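Input: a single structure, listed below in structure tokens.
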Amino acid sequence: MSYPVGRTLSELEHNLAAVQQRIVAACRRVNRDPSEVRLLPVSKTVNDDRLRLAYQAGCRELGENKVQEAQRKAEALADLSDLRWSVIGHLQTNKAKHVARFASEFQALDSLRVARALQRRLEAEDRTLEVLVQVNTSNEPSKFGLAPEDVETFVRELPAFTRLQVNGLMTLAIFSDDPSRVRPCFVRLRQLRDRLRERLPTGISMDTLSMGMSGDFELAIEEGATVVRVGQAIFGPRLLPDSYYWPDANTGQDGSG
């Protein structure tokens, strides 16, 4: 798939408008209100100058996969006080201290070890963090996330972590140009959310479904996404091939857009 260039303010404004139009069209196809869908621009590998242009174009939140890259950018753009940062990639426990300092949201919670580490660090920082539980709906060994059948047991443990505000679920669909392979991943997440809603512990919400990226976000919206993570359709094609950004089974795939 080819993506438009997004290096100048006018190009970024054009790309953002085009993505928003696609969101509206996808919602209309399934009789959804477009206001139900939040666009999360994914800014990994995008330099600070372009991010400032994206801010001028209207972006007030950005998603990043790698904690160190996200923290560096958050510090560099700290003067933009209303800019929120969402960490959407896998988190190692030794990086929890960084996320606790600057992030507003973490979309890839999939272990109690990480929950404990975030709880400790958030207590030290006197902060709370919005989180989504990552689910491996494609059953691929190269992806992080819980198996769908393990999610309910995991979620029932989360009220103990009072600094974590659990808002829903996140997934990455199978990386394919074939909609018949991609769509079922989104259907599984929505169906799982619907089942969980009937028996959630107090303090846990399942209102958010983060699913869909630049190549498949319209399918995700048709199946109930409330957050779409879009990078290349806004910022343009990345310099390196997709294989560079989709690591092998030893490292796990990330949540990029």
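Add +1 for every Lys or Arg and -1 for every Asp or Glu among the other residues with Cβ under 12 Å from the Cβ of ARG163, and state the total.
Here the count lands on 0.
Would you work out the charge dipole size for the stretch 104-149 about its Cα centre, treating the Cβ of every Lys and Arg as +1 and the Cβ of every Asp and Glu as -1, and quote it to the nearest 20 debye?
In total the dipole reaches around 200 debye.
Between SER2 and ARG197, what length in nm is gained on full extension when 0.36 nm per residue of separation is reduced by their alpha carbon distance?
The span from SER2 to ARG197 would gain 66.4 nm if fully extended.
As an exercise, find the ratio Rg/Rh for the stretch 49-195 from alpha-carbon atoms, using the Kirkwood inverse-distance average for Rh.
0.99
In a solvent-free Debye calculation with one equal scatterer on each Cα, what is log10 I(q)/I(0) for the stretch 145-243 at q = 0.15, 0.21 Å⁻¹, listed in the order of the q values?
Log-scaled intensity ratios, in q order: -0.66, -1.05.
Using the crude model of +1 on Lys and Arg Cβ and -1 on Asp and Glu Cβ, and no other charge, please compute the dipole size for the stretch 9-245 relative to its Cα centre, in debye to 20. Write out the running numbers ahead of the final one.
On the way: 34 positive and 33 negative charges, 80 e Å.
With only Lys, Arg, Asp and Glu charged at Cβ, the dipole is about 380 debye.
Could you give the Stokes-Einstein D for the chain in µm² per second, using the C-alpha Kirkwood radius, 37 °C, 0.692 mPa s?
Rounded to a whole number, D works out at 179 µm²/s.
Rounded to the nearest 500, what is the 222 nm mean residue ellipticity of the chain from helices alone, with -39500 (n - 2.57) per DSSP H run of 4+ residues and division by all residues?
About -11500 deg cm²/dmol.
List THR162, THR45, THR202, THR208 from most exposed to least, where exposure is judged by having the fewest other Cβ atoms within 10 Å.
The fewest-first ordering by Cβ neighbours comes to THR202, THR162, THR45, THR208.
In the chain, which longest range has no trypsin sites (Lys or Arg not before Pro) that are both DSSP loop (not H, G, I, E or B) and surrounded by at most 11 other Cβ atoms within 10 Å? Before the final figure, lay out the partial values.
On the way: sites that count: ARG60, ARG199.
My reading of the result: 61-198 is the longest stretch.
For the stretch 86-101, list residues with backbone N below 16 Å from a point placed 7 Å from the Cα of GLN165 toward its Cβ?
86-87, 100-101
We did not get these values from a lab; they are worked out from the coordinates using the rules stated. Here the structure is a predicted model, which is why all the values come from computation and not from measurement. As a convention, Cβ positions derive from the backbone with ideal geometry for all residues, glycine included, and neighbour counts pool all protein chains shown.
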